[in-house]
Each structure stands twice: as C-alpha cells, then as structure tokens.
Amino acid sequence: MFGIANEADKAIQLLEEKGYEAYLVGGCVRDYILKRPTNDYDITTNATPEEIKAVFCDFRVIETGIKHGTVTVLINNIPLEITTYRLDGDYKDNRHPEFVEFSKNLADDLCRRDFTVNSLAYNGDIVDYFGGIDDINAKIIRCVGDPDKRFNEDGLRILRALRFASVLGFEIEDNTGLSIISNKHLIKNISAERIADELKKLLLGTNAFEIIKKYGVVFSEIFDGTDFTDRADSISKCPIDIAVRMSSFFLFDEDYKNHLSYLRLDNRLYGRCISAIGNYNYILKPDKTDVKRFLRLHGVQVLDDVLLLKQAEGTDVSFVREIFCSVIGNNECFAVSELNIKGDDLISLGLKNKEIGEKLNLLLDLVIEGKLDNDREVLYKYIRENIQ
C-alpha cells in the first residue's frame, strides 16, 4: 500500500500513550518518501521487549527475535516488527553481532543501519542524521559511516546495496562501490537462500543493466570465478520475468546446472531455467513441423523462454515466433493429449498396453507432419486399416 498504514500509526500511538518514544524506521520510511508502495513496517522504540509486550497485551504478539529486541505485533492481521533501540556488539562472523545492547537513544539505533536511505525515522516528522533525504533526492546508495566497516559487519549488505540500486534505479556512491568490490569475498558467508533472494530482486530491477555491468564480478566469488558483467546488455533486453532473466544471467555459464542447484530455487523456477538454457542451442527452423516437434518434446513455456533468450542475444526469431503463435492461436495439435482419438478407441480395436502408446505416437507424428488431419474418424480409420 502507498503511504503509512493506519495500523502502523496505531502502534506508534499506543506506545506513546504509555510514555514511550516510537518511530517508523528503515525501508517503509524510504518508500514513503519515494511514494512507493510498501507492506513492510518496522518500528523502533525505547521500550524494552517486555514493555512492548505489555503495551500490546490485547493483540497477538510473536516473539520473532526477542533476544535482539524484536517482537512482531499483529494489528488487523498487518504484521508490525517493533524493536527496542539498540547498539550492536562486534560482528565475529561477518554476518551477526555477538550481542546487542539496548539503548534509550534513537541516534544509537540509526547509526548502526546499513545505508543512509534506510537510516531515516518518521513520527510525523522525518529524523535524518546521515543525509538520507539528500541521497534519496540524488538517487544514491551510500553506507552509513565507513563502508568497509559496514560490509565487514554483515556481508549480506553487499548484495542489499546492489539490489537497492537495481530496484530503486539508484547509483552506488563511489566509496561504497569500491568497498563492494574489495570486500566481495564476504558474500561467501551468506546462505544460498539469501543470495538467491537478493539476486532475484536485483535481476528484476529497473537498473539491473547498470548494476550487473558494474558489479557482475561480485558473483564470481560464489560461482567459481565466472564474471557476469557481460550479461548486462542481454538481461536488459529480456522481459521482466525472473525465469527468463535468471536463465539469461547463467546462459553461457558452463556449470549452470550446479550453480542453479546451489541457489536452491523453487522447483518451477529451477525447471524453467534448466530447460531454457539446455535448449538454447537448438536450431529452430521457421517450419511448422519443426516448431511442433519442439513443442511436442518441451512444451509451450520452454519454446517461449528459448525464443526470448535468443531474441535478447540478437537472433531474429520473428518467423519462428509467428509460426509458434499461429500453432497456439489455431489450437493445432502437437501433443498426444490433443489428438481427437483416445486410448479407449484403440482398445476397441483390440490393441493393448504398449501398443496403444505406440499407435498414438504414430498418429501424432503423422498429424504433426501434415499427413493426417486431427479428426477422429480419419485417425480411427487409419489405425483400423494399418492395425498390423
């Protein structure tokens, strides 16, 4: 939703009525300023976790990260993450603080944030200690404080910087960009699931071209030294479809199967990528029979994905696309399930088991090649006359 949800306002009001400070913080404030929709609300407060729970005793409260000061409150089924002001201890694993220390000072909480655009707080007025509004207006992603320190605290911030720049259409500030390159080895400490999540969002961003062109080398740390910078142009020519863009990203990666498997993508996305990349080198002729044969083997989605990849690489596929659209638009047969004759019809002719499948596939071959019409009487007559 655009703007600040009533539920978020209510949570802040309830905290203030009990004498606590409370502010919206982070991405929801950034998106509010940018007039972007958001459903993710974070609130920071000087109330302790136990005090937060007491304030919201009439609501469902989930102790999502209580040892780090976070509880989730559900108001009208809208989840609100409410966290006590805190300072982080040392980061020993480049990912998580050894401990957190609760604070009564909003500035302490904001100074530990990753980027200036995410360090804003809002409670009727914007609180901006680090130039976040200036950077939003200038469309810049900049670390809060020393970028080397920020990235060494949490290597995921490297991927978040790339993702924010891509999705928001922002540039990465020079020192932050240099630090990303020099600290890219830190993303080895990030789980495959988090890498996949950030990569998917990055690939769908409006600024994906510029970010991959400048920072594609970052992913060489994960994917065996492969430099993806030269994939930027092709990805920019792909539709906003994660399977097509992910396939384009790994298109000429010799080890794409292992790399896609490493990311632990959901089965549908993984399958589409494997099929699209695996069939990319198939030479598609502008011939209806050839197109139908491909469709028979691989299906509509794979052919569509392959054509989109080829088009993004500069191959003229317009004639094949025209035939493809004609086949689909006219409901032309290219699969056994689309034949106007079924297994039961062949059983009536005395055929059994394997014979039935063999005859149906024979009929499909003849229909695809244009030697028989997909008409029940025509197909039935052919099998009856050639039953031996």
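The values are calculated or read from the model by the stated rules, or taken from the named source; none is laboratory data. Predicted model only: the values in this text are computed from it and were never measured. In this analysis, Cβ positions are derived from the backbone assuming ideal geometry, glycine residues included, and neighbour counts consider all displayed protein chains. We work out accessible area using only protein heavy atoms, side chains counted, and drop any ligands, DNA or RNA first. Shrake-Rupley method; radii C 1.70, N 1.55, O 1.52, S 1.80 Å.
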Whole-Hz Karplus couplings 3J(HN,Hα) for the range 160-173, θ = phi - 60° and coefficients 6.51, -1.76, 1.60, Gly and Pro as x, run 5, 4, 5, 5, 4, 4, 5, 5, 7, x, 9, 9, 9, 4
Relative contact order in percent for the chain (Cα pairs under 8 Å, 6+ apart) equals 8
For the range 261-329, averaging the sequence separation of alpha carbon pairs under 8 Å that lie six or more residues apart and dividing by its residue count, the contact order in percent is 36
Once residue 54 and residue 318 are pulled to full extension, the length gained, defined as 0.36 nm per residue separation minus their Cα-Cα distance, is 88.6 nm
Note: residue 254 to residue 362 extended length (0.36 nm per residue) minus current alpha-carbon separation gives 35.2 nm
PRE zone check, label point 7 Å out along Cα-to-Cβ of residue 104, amide N under 17 Å, scope the range 54-84, hits 84
Rounded to a whole %, the carbon-and-sulfur portion of the accessible area of the chain at a 1.4 Å probe is 46
For the chain, the dipole about the Cα centre with charges only on Cβ (Lys and Arg +1, Asp and Glu -1), to the nearest 20 debye, works out at 1000
Taking R0 as 30 Å and r as the Cβ-Cβ distance between residue 353 and residue 378, the FRET efficiency 1/(1 + (r/R0)^6), rounded to the nearest 0.05, comes to 0.75
Given a Förster distance of 30 Å, the FRET efficiency implied by the Cβ-Cβ spacing of residue 369 and residue 268, rounded to the nearest 0.05, works out to 0.40
If amide H atoms are modeled at 1.01 Å from N in the peptide plane, then the residues at a separation of 5 or more from residue 46, or on another chain, having amide H under 5 Å from its own are 21, 85
Rh (Kirkwood, all Cα-Cα pairs) for the chain, Å, reads 24.8
For 50, 198, 221, the accessible-area ranking with a 1.4 Å probe, largest leading, is 50, 221, 198
Given Cβ charges of +1 for Lys and Arg and -1 for Asp and Glu, the option among 225, 145, 123 whose Cα lies farthest towards the positive end of the dipole of the chain is 225
About its Cα centre, the range 93-202 carries a charge dipole, from +1 on Lys and Arg Cβ atoms and -1 on Asp and Glu Cβ atoms, whose size in debye to the nearest 20 is 440
With label points set 7 Å from each Cα along the Cα-to-Cβ direction at residue 197 and residue 33, the distance between them in nm comes to 2.4
Computed, not fitted: 222 nm per-residue ellipticity of the chain from DSSP H runs ≥ 4 (each -39500 (n - 2.57)), nearest 500, equal to -14000 deg cm²/dmol
Residues whose modelled amide H sits under 5 Å from the amide H of residue 100, counting only those 5 or more places away in sequence or on another chain, are 89
Output ordering of 162-171, 201-210 (per-residue mean of other Cβ within 10 Å, highest first) is 162-171, 201-210
With every protein chain in place, the accessible area of residue 160 for a 1.4 Å probe, in Å² rounded to the nearest 10, comes to 60
Cα extents of the range 57-177 along the principal axes, largest first, in whole Å, come to 48, 35, 26
Given 234-240, 327-333, the highest-first ranking by average Cβ count within 10 Å works out to 234-240, 327-333
Note: residue 227 to residue 111 extended length (0.36 nm per residue) minus current alpha-carbon separation gives 38.4 nm
accessible surface per residue for the chain, probe 1.4 Å, DNA/RNA/ligands not counted, whole Å² -> 48
With all protein chains in place and a 1.4 Å probe, residue 144 shows an accessible area in Å² (nearest 10) of 10
Expressed in angstrom and rounded, the centroid-to-centroid distance over alpha carbons for the range 363-388 and the range 249-321 is 31
Going residue by residue through the range 109-124, the Karplus relation 6.51 cos²θ - 1.76 cosθ + 1.60 with θ = phi - 60° gives ³J(HN,Hα) values, rounded to whole Hz and with x marking Gly or Pro, of 6, 6, 6, 8, 5, 6, 10, 4, 5, 9, 9, 8, 10, 9, 8, x
Taking N as the number of residues in the range 172-239, the ratio of its alpha carbon radius of gyration to 2.2 N^0.38 Å works out to 1.08
Measuring from its Cα centre, the range 306-360 shows a charge dipole (+1 at each Lys and Arg Cβ, -1 at each Asp and Glu Cβ) which, in debye to the nearest 20, is 160
Sequence order, the range 187-193: Karplus ³J(HN,Hα) from phi using 6.51 cos²θ - 1.76 cosθ + 1.60, θ = phi - 60°, Hz rounded, Gly and Pro as x, gives 6, 5, 7, 8, 5, 4, 5
